[in-house]
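Engineer: Got a structure for you, written out below as structure tokens; questions coming shortly.
The values are calculated or read from the model by the stated rules, or taken from the named source; none is laboratory data. All of these numbers come straight from a predicted model, not from anything done at the bench. All Cβ positions, even for glycine, are placed from backbone atoms using ideal geometry, and neighbour counts span all protein chains on display.
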Amino acid sequence: MTENILELNNLTKFFPAKAGGIFSRAKGEVRAVDGVSLTVARGETVGLVGESGCGKTTVGRTVMKLYEPTSGQIVFDGQDITNLKRKEMKPIRSKMQMIFQDPFSSLNPRHTVGTIISSSYTIHDIEPEGGVEHSVRELLTLVGLNPEHINRFPHEFSGGQRQRIGIARSLALKPKLIVADEPVSALDVSIQAQVINLLDDLQKELGLSYLFVAHDLSIVQHISDRVVVMYLGKVMEMAPTRELFANPRHPYTKALLSAVPVADPKMGRSRERIILQGDLPSPVNPPSGCVFNTRCWKAQDICRTAVPETIQVTPLQTVACHFPEV
Amino acid sequence: MSKFLEVTNLNVTFPTQDGEVRASNEVSYSVDLGETLAIVGESGSGKSVSNLAVMGLHNPTRTKITGSAVLNLANGPVDVISASAETVRRLRGKAMSMIFQDPMSALHPFFTIGDQIAEGWHLYNKGSKKDGIKKATEMLEIVGIPDASSRVHDYPHQFSGGMRQRAMIAMALVNNPSLLIADEPTTALDVTVQSQILKLLKDLQKEFNMAIILITHDLGVVAEVADRICVMYGGRIVENGTVDDIFYRPEHPYTLGLLNSVPRISDGQSHRLRAIPGQPPSLISLPSGCAFQPRCEYSSKVTSGACNSTVPSLSDKGSGHLSRCHLDVADLNNLVKDKA
């Protein structure tokens, strides 16, 4: 048994960017994920953060093989799944499941909760121990819902409850890895904490590994063991949570952390903020050299010409920058 | 001294198929020029509804509004609730203005940014189309759009999310309003862009001495920009105080629960989040008594059992810090201490 449940080696995913019209030809490519390498150990939670358009969701979806990777390698549970066909993927999918962001569009409104959750068994042709209905009831109890509600429809539940249904569905096949794509960002603040606690408990109970994709740094800090910071398709920095938040080495990480509003007025008034200029550049035409150079206050000539190597600053912390913070 | 906007006992109800929704219930607040009032609450707490009433944006045939919202203008006070639609229309854009959460759906995709900003200016100013564009360019410069003189001719789809929100702000401020209502202005934006926009709003407030009402669910944003805070729950204001009152001396169990349930960057990750159990109530069938009672961990400590039967009044326990709870503040603080 390998130590890592998931390994990505130099993963890239480019989408064709089309010019308008019916007879459009590809006029370029969107470099959504550009050479991402990361690992998720068994029982570990890895947080993947970045702003919209940085490619974090694409990484999650490519791991699930919902997108075919352009190049690179995906190793899941010791097996290279990069080039597996749809049929060959099926048995593997039961060991990796996904929780989606929007609890409204990710559940079929015409199906009962029971049908939604048991569809995993139907698709994989599995008869769970004790029967389908028994298992679904158990799953509902596990995620904190009333098992009597098995015949209700999604619209009868609130947002937080629907997210619990999505979680129950993902747990039905006893997966090893869960890719959670912004699982709480559509929920109210008081409900977010409930779902985060649930994910924490499930991990302890079932020994799950999470790849947790989110933009909210305070939540990522709370739930993750390690954090990967992405910008424009590339990994900027990777470190254990504590180190990353205490001692960010990449200027982008530093700016991102300082931009997060803190729910503490006195601290907010006293701390120094780095306000980045401008917006995220387009991934169709990323800046040359370091992709962050257009918004970086430390950028020198070399940043505009040479792509920075990923350097190991401590045994567990890596950063891709010519002039990392010390 | 009266403040610039004074909202008193505002009730907003709309009929729906499932019954009457009382979205704003005896809501009172005020905000002065140069001041930022934040209205905080979860979805369905009624935080947007009362401000839409101030702007006169509810459907008058369907919505029932009572109470008053007085704007103390230079030429005398006007109650926008009882005033005619025409009077309110003349105040909109000039005395008060609003920006919305989603800048893409609030901008018209067929017209250039410049035209859309100039449209509001033409309503209150005489000038040629060229003057309008000149004014729009000036506004875009104020809100920090680089190369404004050429970008003024762009369409909304050519702007990024942050730039669209800047254009919205430019549009709202083109007639130099005294009151700006910002409804979740940064929720759709990334954090690095959010901090740009919040700083911009603060700077513009100083420059133009505006009153700002910020409607949001994000406690972090509130902590950074607000002077005063109203916390809403189930259509009612449950607590009203200064930023420091709310964050350091909260007097309502809901505010306390809200503050405890957000993970903070500053502290370690080891402890478990203290979530508020249950869900926010539906505005159609509010619990009897205190709306927060079913989720409140302290309601059993109120020996009189009043939480189930009577709505607590919003009372001042000193120094203008209001809270709506049957528990005495000292008792609540002791209970919190015992738990910790």
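Conditions (1) closer than 19 Å to B:PHE100 by Cβ; (2) away from every other protein chain (no Cβ under 14 Å); (3) in a helix (DSSP H, G or I), marked per residue:
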site: B:GLY127; (1), (2), (3): no, yes, no
site: B:LYS134; (1), (2), (3): no, yes, yes
site: B:THR137; (1), (2), (3): no, yes, yes
site: B:PRO146; (1), (2), (3): no, no, no
site: B:HIS157; (1), (2), (3): yes, no, yes
site: B:GLY162; (1), (2), (3): yes, no, yes
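Engineer: Return the residues of region A:136-148 that are of a type in the set (D, E, K, R) and not in a helix (DSSP H, G or I); say none if nothing qualifies.
Structural biologist: Looking only at region A:136-148, we keep the residues that are of a type in the set (D, E, K, R), and these are A:137-138, A:148.
Scanning region A:136-148 gives no hits.
This table checks each residue for (1) within 14 Å of chain A (Cβ to nearest Cβ); (2) outside any strand (DSSP E or B).
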position: B:VAL21; (1), (2): no, no
position: B:ALA38; (1), (2): yes, no
position: B:GLU42; (1), (2): yes, yes
position: B:VAL49; (1), (2): no, yes
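A quick yes/no check of all residues on (1) closer than 27 Å to B:ALA211 by Cβ; (2) out of contact with any Lys or Arg (no Cβ under 9 Å at 6 or more places or on another chain):
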{"position": "B:PHE110", "(1), (2)": "no, yes"}
{"position": "B:LEU123", "(1), (2)": "yes, no"}
{"position": "B:ASP131", "(1), (2)": "no, yes"}
{"position": "B:GLU138", "(1), (2)": "yes, yes"}
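Engineer: Looking at region B:77-128, which of its residues are in contact with a strand residue (DSSP E or B) (Cβ under 6 Å, 6 or more places away or on another chain) and without any contact (Cβ under 8 Å) to a residue 12 or more places away in the chain?
Structural biologist: B:ASP79
Engineer: Could you tell me which of the residues A:VAL262, A:VAL235, A:VAL229 is buried (at least 19 other Cβ atoms within 10 Å of the Cβ) and at the interface with another protein chain (Cβ under 10 Å from one of its Cβ atoms)?
Structural biologist: On the way: A:VAL235 fails: at the interface with another protein chain (Cβ under 10 Å from one of its Cβ atoms); A:VAL229 fails: at the interface with another protein chain (Cβ under 10 Å from one of its Cβ atoms).
Just a single option satisfies the conditions, and that option is A:VAL262.
Engineer: A further question on this structure: Within region B:167-190, does at least one residue satisfy the condition of being under 23 Å from the mean Cα position of the chain (by Cα), acidic (Asp, Glu) and over 23 Å from B:ARG92 (Cβ atoms)? Reasoning before the result, please.
Structural biologist: Let us first name the residues in region B:167-190 that are under 23 Å from the mean Cα position of the chain (by Cα), namely B:167-190.
Checking which are acidic (Asp, Glu) leaves us with B:183-184, B:190.
Now drop any that are not over 23 Å from B:ARG92 (Cβ atoms), which leaves B:190.
So far as region B:167-190 goes, yes, one or more of its residues are under 23 Å from the mean Cα position of the chain (by Cα), acidic (Asp, Glu) and over 23 Å from B:ARG92 (Cβ atoms).
Engineer: Hey, among B:GLU26, B:GLU20, which residue is among the acidic types (Asp, Glu) and modelled with pLDDT of 90 or more? Walk me through it before giving the result.
Structural biologist: Numbers: B:GLU20 fails: modelled with pLDDT of 90 or more.
Only one candidate passes the filter, namely B:GLU26.
Engineer: Working only within region B:180-209, note down all residues that are part of a helix (DSSP H, G or I), within 12 Å of another protein chain (Cβ to nearest Cβ) and not aliphatic (A, V, I, L, M). Steps first, please.
Structural biologist: Going through region B:180-209, the residues part of a helix (DSSP H, G or I) turn out to be B:191-208.
Next, from what is left, pick out any that are within 12 Å of another protein chain (Cβ to nearest Cβ): B:191-200, B:202-203.
B:THR192, B:GLN194, B:SER195, B:GLN196, B:LYS199, B:LYS202, B:ASP203, listed by residue number.
Engineer: Among what's in region A:90-114 and is within 22 Å of A:LEU6 (Cβ to Cβ), without any contact (Cβ under 8 Å) to a residue 60 or more places away in the chain and surrounded by 15 or more Cβ atoms within 10 Å (Cβ to Cβ), pick the residue that is farthest from the chain's Cα centre (by Cα).
Structural biologist: Taking the candidates together, the pick is A:ILE92.
Engineer: Which residues, taken from region B:53-77, are hydrophobic (A, V, I, L, M, F, W, C) and surrounded by 18 or more Cβ atoms within 10 Å (Cβ to Cβ)? Steps first, please.
Structural biologist: Filtering region B:53-77 for residues hydrophobic (A, V, I, L, M, F, W, C) gives B:53-55, B:57, B:65, B:69-71, B:73-74.
Scanning region B:53-77 gives B:ALA53, B:VAL54, B:MET55, B:ILE65, B:ALA69, B:VAL70, B:LEU71.
Engineer: When the residues of region B:302-318 are narrowed to those that are more than 26 Å from the chain's Cα centre (by Cα) and modelled with pLDDT of 85 or more, which ends up surrounded by the fewest Cβ atoms within 10 Å (Cβ to Cβ)? Before you say what the answer is, go through the steps one by one.
Structural biologist: Applying the first criterion (more than 26 Å from the chain's Cα centre (by Cα)) to region B:302-318 yields B:302-310.
Keeping just the survivors that are modelled with pLDDT of 85 or more gives B:306-310.
On the way: B:ALA306: 16, B:CYS307: 24, B:ASN308: 14, B:SER309: 11, B:THR310: 13.
Per the stated criteria, the residue is B:SER309.
Engineer: Does B:GLY19 satisfy the criteria of being among the small types (Gly, Ala, Ser) and within 19 Å of the chain's Cα centre (by Cα)? Break it down stepwise before answering.
Structural biologist: On the way: among the small types (Gly, Ala, Ser): yes; within 19 Å of the chain's Cα centre (by Cα): no.
No.
Engineer: Given B:GLY67, B:GLY34, B:GLY56, which one is assigned to a loop (DSSP other than H, G, I, E, B), under 20 Å from the mean Cα position of the chain (by Cα) and over 24 Å from B:LEU219 (Cα atoms)?
Structural biologist: Numbers: B:GLY67 fails: assigned to a loop (DSSP other than H, G, I, E, B); B:GLY34 fails: over 24 Å from B:LEU219 (Cα atoms).
From the options B:GLY67, B:GLY34, B:GLY56, the qualifying one is B:GLY56.
Yes/no matrix, rows are residues, columns are (1) within 28 Å of A:VAL213 (Cα to Cα); (2) outside any loop (DSSP other than H, G, I, E, B):
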position: A:ILE117; (1), (2): yes, yes
position: A:TYR121; (1), (2): yes, yes
position: A:PRO128; (1), (2): no, no
position: A:ILE150; (1), (2): no, yes
position: A:GLN163; (1), (2): yes, yes
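Engineer: Test A:GLU68 against the criterion of being closer than 24 Å to A:PRO286 by Cβ and either exposed (fewer than 15 other Cβ atoms within 10 Å of the Cβ) or out of contact with any strand residue (DSSP E or B) (no Cβ under 8 Å at 6 or more places or on another chain) (or both), and give yes or no.
Structural biologist: Working: closer than 24 Å to A:PRO286 by Cβ: yes; either exposed (fewer than 15 other Cβ atoms within 10 Å of the Cβ) or out of contact with any strand residue (DSSP E or B) (no Cβ under 8 Å at 6 or more places or on another chain) (or both): yes.
Spelling it out, A:GLU68 is indeed closer than 24 Å to A:PRO286 by Cβ and either exposed (fewer than 15 other Cβ atoms within 10 Å of the Cβ) or out of contact with any strand residue (DSSP E or B) (no Cβ under 8 Å at 6 or more places or on another chain) (or both).
Engineer: Another question, then. Of A:LEU198, A:LEU211, A:LEU142, A:LEU173, which residue is in contact (Cβ under 8 Å) with a residue 40 or more places away in the chain, of a type in the set (A, V, I, L, M, F, W, C) and facing another protein chain (nearest Cβ under 10 Å)? Spell out how you get there, then give the answer.
Structural biologist: Details: A:LEU211 fails: facing another protein chain (nearest Cβ under 10 Å); A:LEU142 fails: facing another protein chain (nearest Cβ under 10 Å); A:LEU173 fails: facing another protein chain (nearest Cβ under 10 Å).
Matching residue, one of A:LEU198, A:LEU211, A:LEU142, A:LEU173: A:LEU198.
Engineer: Then there's this: Going by what's in this entry, would A:ALA246 be described as more than 11 Å from chain B (Cβ to nearest Cβ), over 20 Å from the mean Cα position of the chain (by Cα) and surrounded by fewer than 21 Cβ atoms within 10 Å (Cβ to Cβ)?
Structural biologist: Working: more than 11 Å from chain B (Cβ to nearest Cβ): no; over 20 Å from the mean Cα position of the chain (by Cα): yes; surrounded by fewer than 21 Cβ atoms within 10 Å (Cβ to Cβ): yes.
Judged against the criteria, A:ALA246 is not a match.
Engineer: Here's a check for you: in region A:201-212, which residue that is assigned to a helix (DSSP H, G or I) and in contact with a strand residue (DSSP E or B) (Cβ under 9 Å, 6 or more places away or on another chain) is farthest from A:GLY160 (Cα to Cα)? Before the answer, list the steps.
Structural biologist: So in region A:201-212, the residues assigned to a helix (DSSP H, G or I) come out as A:201-206.
Subset that is in contact with a strand residue (DSSP E or B) (Cβ under 9 Å, 6 or more places away or on another chain): A:202-203.
Working: A:LEU202: 16, A:GLN203: 19 Å.
By that ranking, first place goes to A:GLN203.
Engineer: While we're looking at this one, here's another question. For region A:266-297, what are the residues that are at the interface with chain B (Cβ under 7 Å from one of its Cβ atoms) and in contact with a strand residue (DSSP E or B) (Cβ under 9 Å, 6 or more places away or on another chain)?
Structural biologist: none
Engineer: Among the residues of region B:262-279, is any acidic (Asp, Glu), part of a helix (DSSP H, G or I) and either within 11 Å of chain A (Cβ to nearest Cβ) or surrounded by 16 or more Cβ atoms within 10 Å (Cβ to Cβ) (or both)?
Structural biologist: Of region B:262-279, the ones acidic (Asp, Glu) are B:267.
Subsequent filtering for residues that are part of a helix (DSSP H, G or I) retains none.
Within region B:262-279, not a single residue is acidic (Asp, Glu), part of a helix (DSSP H, G or I) and either within 11 Å of chain A (Cβ to nearest Cβ) or surrounded by 16 or more Cβ atoms within 10 Å (Cβ to Cβ) (or both).
Engineer: If you don't mind, there's one more thing I want to ask. If I filter region B:164-177 down to residues being closer than 23 Å to B:ALA38 by Cβ and touching a Ser or Thr at 6+ places or on another chain (Cβ under 9 Å), which single residue comes out as nearest to the other protein chains (Cβ to nearest Cβ)?
Structural biologist: B:GLN165
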